[in-house]
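So the structure is just underneath, and the comments pick up after that.
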């Protein structure tokens, strides 16, 4: 049996897990959020336990994910995963219970339990007044550019390219944003690890031999590294967003070019970088916040060729447009 | 609704259409279809009329009182048609009551529907995007 309190950005999660394998799974996920935040924290309780039968499927009226469906209930939320693992949230007490069904002897805790833990975190962050953003951010001389792209779309590589040029970063794919009482947008870091593909060594030799590290997931070649281990003193905990840069693939192998986004495209870029539940109550504040943030950003689309980073000054086109505002 | 006839019954904003107001403009997100729409100040004022429940004729009358010239009649009808055709407004009880004021001078109402809807199925509770191949 294990009890521990994890701090994950603006929330604290008190975990109670009678089973050691389940505790390890939870700790592995919640322990990623190492960027310190100051109190107060929104306090969440999480019980993780074995259940005797797989949970019944949910319809997904609140959220539909590839491996998980979430329904809104009178008390809060209920979610189920493909493995039969399930979660129930009681909003009044801010308490979650994750149940994991029986497994064959020696079998690992199903990977999709990570989706339930992610649901706990995303829900808590939103309740704490923040919008979780699937984006990186780089900062230099008053410029803070949010970097967006689908998973595998190049956020980490572009973040690394900026960092090598002297920029600092809030992270490569997880941020929290909000608009303060003074209407100024704020972005905060959650993790300072990034998942780098070993092939990035051909452009960024200082990353060294990443293949000596374990893969961060069975479905990818990428390895988890701490940004400061490769590029010391390059991480920050907060920034004031001034730009959004959306990364797109280009067929022009060695080229990186920038095209301005209009106001609608800027808003669309931000809306596509967050999960918006299908219920008005949680969706409305997300839309309000991102619409307010979008109004204050300049936006650019960066088309990146497959070998663009081989050019030493490849970032010059995008740095030039960012300098125009910063 | 696109048969040239505007709906006659009172219409109100559908509950799962959420709105963000920015100064005098607004963004509408339809949580059912995941399309979002941008409206200018006059468009937002028209949407607010439907928030309070209104017929198409009542909206046209109010627009004239706000200073709409006869040349904007088609634009007003086109906006109402988009709202009704896309079921952003439907017959039903309004969510709120009250007077609606047009902020600033009248301008031709504009509603812009974004080309692509937002993601309906997410990777996870944090990641809305479908991954690209490595």
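The values are calculated or read from the model by the stated rules, or taken from the named source; none is laboratory data. Not measured: the values here are computed from a predicted model. Here the Cβ positions follow ideal geometry from the backbone for every residue, glycine too, while neighbour counts run over all protein chains shown.
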Got at least one residue in region B:103-125 being touching a strand residue (DSSP E or B) at 6+ places or on another chain (Cβ under 8 Å) and in a helix (DSSP H, G or I)? no
Take residue A:63 and decide whether it is under 19 Å from the mean Cα position of the chain (by Cα) and either within 19 Å of residue A:100 (Cα to Cα) or in the same structural domain as residue A:22 (by TED's automatic domain parsing) (or both). yes
For residue A:21: the one exception among (1) surrounded by fewer than 19 Cβ atoms within 10 Å (Cβ to Cβ); (2) touching a strand residue (DSSP E or B) at 6+ places or on another chain (Cβ under 6 Å): (2)
Enumerated strands (runs of 3 or more DSSP E) restricted to region A:208-323, each holding at least 1 residues that are under 18 Å from residue A:135 (Cβ atoms): A:243-249, A:256-261, A:298-304
Any idea which of (1) out of contact with any strand residue (DSSP E or B) (no Cβ under 7 Å at 6 or more places or on another chain); (2) farther than 15 Å from residue A:315 by Cβ; (3) outside the structural domain of residue A:89 (by TED's automatic domain parsing) is the one residue A:164 doesn't satisfy? (2)
Quick check, is residue B:118 within 14 Å of another protein chain (Cβ to nearest Cβ) and either under 19 Å from residue B:32 (Cα atoms) or touching a residue at least 40 places away in the same chain (Cβ under 8 Å) (or both)? yes
All-but-one check, residue B:38 against (1) assigned to a helix (DSSP H, G or I); (2) in contact (Cβ under 8 Å) with a residue 24 or more places away in the chain; (3) touching a strand residue (DSSP E or B) at 6+ places or on another chain (Cβ under 6 Å); (4) within 19 Å of residue A:287 (Cα to Cα), failing number (1)
Checking the conditions here, which among A:240, A:284 is touching a strand residue (DSSP E or B) at 6+ places or on another chain (Cβ under 6 Å), modelled with pLDDT of 95 or more and surrounded by fewer than 16 Cβ atoms within 10 Å (Cβ to Cβ)? A:240
What do you reckon, is residue A:213 closer than 20 Å to residue A:29 by Cα, modelled with pLDDT under 90 and in contact with a strand residue (DSSP E or B) (Cβ under 6 Å, 6 or more places away or on another chain)? yes
Of the conditions (1) more than 14 Å from chain B (Cβ to nearest Cβ); (2) at pLDDT 95 or above; (3) under 16 Å from residue A:137 (Cβ atoms); (4) buried (at least 16 other Cβ atoms within 10 Å of the Cβ), residue A:270 satisfies every one except a single condition; which number is it? (1)
Exclusive hit being touching a helix residue (DSSP H, G or I) at 6+ places or on another chain (Cβ under 6 Å) and touching a residue at least 40 places away in the same chain (Cβ under 8 Å), set A:234, A:240: A:234
Does region B:64-82 contain any residue that is in contact (Cβ under 8 Å) with a residue 12 or more places away in the chain and at the interface with chain A (Cβ under 10 Å from one of its Cβ atoms)? no
If you take the residues in region A:171-191 that are assigned to a loop (DSSP other than H, G, I, E, B) and surrounded by fewer than 20 Cβ atoms within 10 Å (Cβ to Cβ), which one is nearest to the other protein chains (Cβ to nearest Cβ)? A:183
Matching residues, region A:82-96, being within 21 Å of residue A:31 (Cβ to Cβ) and either crowded, with 21+ Cβ neighbours inside 10 Å or more than 23 Å from the chain's Cα centre (by Cα) (or both): A:85, A:87, A:96
Would it be correct to say that residue B:8 is away from every other protein chain (no Cβ under 14 Å) and part of a helix (DSSP H, G or I)? no
So, of the residues in region A:126-156 that are at pLDDT 95 or above and assigned to a helix (DSSP H, G or I), which turns out to be surrounded by the fewest Cβ atoms within 10 Å (Cβ to Cβ)? A:127
Restricting attention to region A:50-101, report how many residues are in contact (Cβ under 8 Å) with a residue 60 or more places away in the chain and over 26 Å from residue B:130 (Cβ atoms). 1
Within the set of pairs 6 or more residues apart or between chains, which connect a residue that is over 11 Å from residue B:44 (Cβ atoms) inside region B:101-112 to a residue that is in a strand (DSSP E or B) with Cβ atoms less than 8 Å apart? B:112/B:37; B:112/B:38; B:112/B:39
Among the candidates A:259, A:264, A:235, single out the residue that is surrounded by 15 or more Cβ atoms within 10 Å (Cβ to Cβ) and over 20 Å from the mean Cα position of the chain (by Cα). A:264
Flagged in region B:27-54 as away from chain A (no Cβ under 11 Å) and in contact with a helix residue (DSSP H, G or I) (Cβ under 9 Å, 6 or more places away or on another chain), in numbering order, are B:39, B:42, B:43, B:45, B:46, B:47, B:49, B:50, B:54
Criterion: exposed (fewer than 15 other Cβ atoms within 10 Å of the Cβ) and not in a strand (DSSP E or B) - qualifying residue of A:55, A:59: A:59
